[in-house]
Structures are given as C-alpha cells and as structure tokens.
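Novice: Dropping the structure in here first, questions after.
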Amino acid sequence: MKINSVRALIIVGFSIITLTLIGLFLPTILKKDNEIQYASEAKLGIPFELIDSNGNKITEAAFVGSPSVLFFGFTHCPSICPLALHRLSLLIESLGKDQNRLNAYFITLDPERDTWKVLNNYLSSFNNRIIGITGDSKKIKALAKSWGIYSKKVPLDGENYTIDHTSLIFLLKNNGNFLKSIDFEDDFELSLEEIKKLL
C-alpha cells in the first residue's frame, strides 16, 4: 500500500509539473507558430473602402507610398489595445524626425460602437500619427479576415461584450506589402529596429 501511495504521489507530482510547463510554454509556442504563418505569406489584405477617424474615405491606397504599421483592436478593449497603442506611440516618437515617414493605422474590430468620432476621441490619447479606420461591419470583417485576424465577441453582463482578438502589429513596406509582424510585448529596442528597417 505504501509503495502504491508513493507511486501515486510521484504520478500526481509529475502531472502537475507537466501541466505547469505546458501552461508556461504553450502560449509562446503558439505565438511563434503564428509568427511563422504570417511570415510565410507573400501578400495579405484586400481592397477596401472605409472611413478614417477624421471622417474621410480611406482605401487600401493609404498603405502605398510610405511604410505603414497596422493594429486591429477596439476602443472598449480593457487592456491589450491601450497598452499596444501606447507602446506603438513610444516607438513612433523614438523615430524622431523620421516618424513623419511612417503611417500608422488602428483598425477597429467593433465598428458598431467605434464610429469615426469615437475613434477620433479615443486616439487623441496616443501619437497623432495613428489614424483610426472603421466603417461597414461586413467590410471590416472581410478586411480583418484577409489579414488573418482572429476576432470573437465574448458576452459580458447585460448587453455588453468584449472581443478576443489577435494583438500583433503588422509592418508594411512602402508598396503596401506585408513584411512581418511584431508583438507589443516584444523587446522595445528590437521592435524599434524592425520599424527602422522599413524607413
């Protein structure tokens, strides 16, 4: 009986350690796989006609002529979006005078609540190079899908909801083609170097 008890404790202990390691490393593994998936794509995105955060029409042509960075999110996002936009603002400001050579776009995944006026007010807290994009829900959904963005509404109390979504920052060359993605949690200096390579 004692031997069986010891074996049971060993098995339970080993299981706990294994599950802990999976919990620690699985997100990183999945994240790397996600990066590889994006890195292997030669072309992302589709033609579109939407509204920017100044109330003007915007199309895919905005991504051509200057390097760009894209981030998909929503203004009711409790933590990831403001953190990512704050990090992106700091990265842009670190470019000094060269920041005028970079365009930045925040594409909402929640166009029902994020009108262009809402986006305009929300983005006033961040670097003014970041322009919001909103518009017809079906067009937004199609655009997000073309960039491989995961997006899912999660109900909260009452009629409220949040959105689980991909939180990568996409780097585009001046011809509008996707180069690579970075994460807002990546090392700051490394992310800055990647953006400088675009300029």
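Novice: Which of the residues spanning region 43-59 are acidic (D, E) and over 19 Å from the mean Cα position of the chain (by Cα)?
Specialist: Hit for region 43-59 is E49, nothing else.
Novice: OK, next. Among all residue pairs at least 6 apart or on different chains, which show Cβ distances below 7 Å where the first residue, located in region 153-166, is outside any strand (DSSP E or B) and the second is of a type in the set (S, T, N, Q)?
Specialist: L156/T162
Novice: May I pose another question? Of all residues being of a type outside the set (G, A, S), in contact with a helix residue (DSSP H, G or I) (Cβ under 7 Å, 6 or more places away or on another chain) and part of a strand (DSSP E or B) in region 114-135, which is surrounded by the most Cβ atoms within 10 Å (Cβ to Cβ)? Just the residue, please. So that I can check it myself, show each step before the final result.
Specialist: Quick first cut of region 114-135, residues of a type outside the set (G, A, S) only: 114-123, 126-131, 133-134.
This time we only want the ones that are in contact with a helix residue (DSSP H, G or I) (Cβ under 7 Å, 6 or more places away or on another chain), so: 126-127, 129-130, 134.
Next cut, part of a strand (DSSP E or B) only: 130, 134.
Working: I130: 22, T134: 29.
If we take residues in region 114-135 being of a type outside the set (G, A, S), in contact with a helix residue (DSSP H, G or I) (Cβ under 7 Å, 6 or more places away or on another chain) and part of a strand (DSSP E or B), then T134 is surrounded by the most Cβ atoms within 10 Å (Cβ to Cβ).
Novice: Just the residues that are of a type in the set (S, T, N, Q), more than 30 Å from E194 (Cα to Cα) and touching a strand residue (DSSP E or B) at 6+ places or on another chain (Cβ under 8 Å), please, taken from region 130-170. Talk me through it step by step, then tell me what you get.
Specialist: Residues of region 130-170 that are of a type in the set (S, T, N, Q), as a first pass: 134, 137, 146, 151, 160, 162, 166-167.
Next, from what is left, pick out any that are more than 30 Å from E194 (Cα to Cα): 137, 160, 162.
The one that is of a type in the set (S, T, N, Q), more than 30 Å from E194 (Cα to Cα) and touching a strand residue (DSSP E or B) at 6+ places or on another chain (Cβ under 8 Å): T162.
Each reported figure results from applying straightforward, stated rules to the coordinates on display, with no laboratory input. The model shown is predicted, which means the values in this text are computed figures rather than measured ones. In this analysis, Cβ positions are derived from the backbone assuming ideal geometry, glycine residues included, and neighbour counts consider all displayed protein chains.
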